[in-house]
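These notes concern the structure reproduced below.
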Amino acid sequence: MNQEIPRALFIGNGINRVAPTAVSWGSLLENLSQKFNVDIDLQNDLKPFPLAFEEMLIGQKETNPNDMLKGMKQHIGHILTEATPHPSQLELHAKIMECGISEIITTNYDYNLERSIISDFDSQKKQLALNNQESKHSLYRGYWVEGITVRHIHGEIEHNRKISGTNN
């Protein structure tokens, strides 16, 4: 009674750093700091990037933190969309998608993994989406891409799921 243990691959942002259009956390935070006029110390090499992001949220006084978070996420999406590499530059991503593991969990907001094997993924995204009704918990959402489930656990650049007639 040998049952195969399901395997999943966890992918962080390191794979995106090999693309020529890569955006570093440091430059992303600098851009956010300037865009939202939040003065925080980004020169401290010992400060983790997530802490700097949190400081931006709580450091400004003019905007509701929830509105600020929404605005920052939209701006991050805009920056990452502009930096999206051409599918021909996603060779490493394609190798990951073709490695034989059928469940990939990523912290990346972009769709580079999906686009590495379906170049027009953006136009097929809605049809490939799993659990379309889920708008809050990213772990339950995903995309079924040529037999592989890809889940963006921190969120997505732009998801197109609808609940109660509104885009979330």
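General remarks:
- Exactly one residue out of G71, G77 is small (G, A, S), in contact (Cβ under 8 Å) with a residue 60 or more places away in the chain and not assigned by TED's automatic domain parsing to the domain that holds D120, and it is G77.
- Consider the range 105-120 and keep the residues that are under 23 Å from L28 (Cβ atoms) and of a type in the set (A, V, I, L, M, F, W, C). The one that is surrounded by the fewest Cβ atoms within 10 Å (Cβ to Cβ) is I105.
- Elements of type helices (runs of 4 or more DSSP H) in the range 32-150, at least 1 residues being modelled with pLDDT under 85 and either over 30 Å from A8 (Cα atoms) or over 18 Å from the mean Cα position of the chain (by Cα) (or both): 49-59, 65-82
- Number of the exception - A83 against (1) surrounded by 14 or more Cβ atoms within 10 Å (Cβ to Cβ); (2) touching a Ser or Thr at 6+ places or on another chain (Cβ under 9 Å); (3) more than 30 Å from M97 (Cα to Cα): (3)
- Of all residues in the range 26-41, exactly one satisfies the criterion of being over 21 Å from H78 (Cα atoms) and crowded, with 17+ Cβ neighbours inside 10 Å, namely I40.
- Among the residues making up the range 43-81, those that are over 16 Å from H154 (Cα atoms) and in contact with a helix residue (DSSP H, G or I) (Cβ under 7 Å, 6 or more places away or on another chain) are A52, M56, L57, I58, Q60, P65, M68, I79.
The values are calculated or read from the model by the stated rules, or taken from the named source; none is laboratory data. Bear in mind that the values here come from a model prediction, so they are computed numbers and not experimental data. Here the Cβ is made from the backbone with ideal geometry for all residues, glycine too, and neighbour counts use every protein chain on show.
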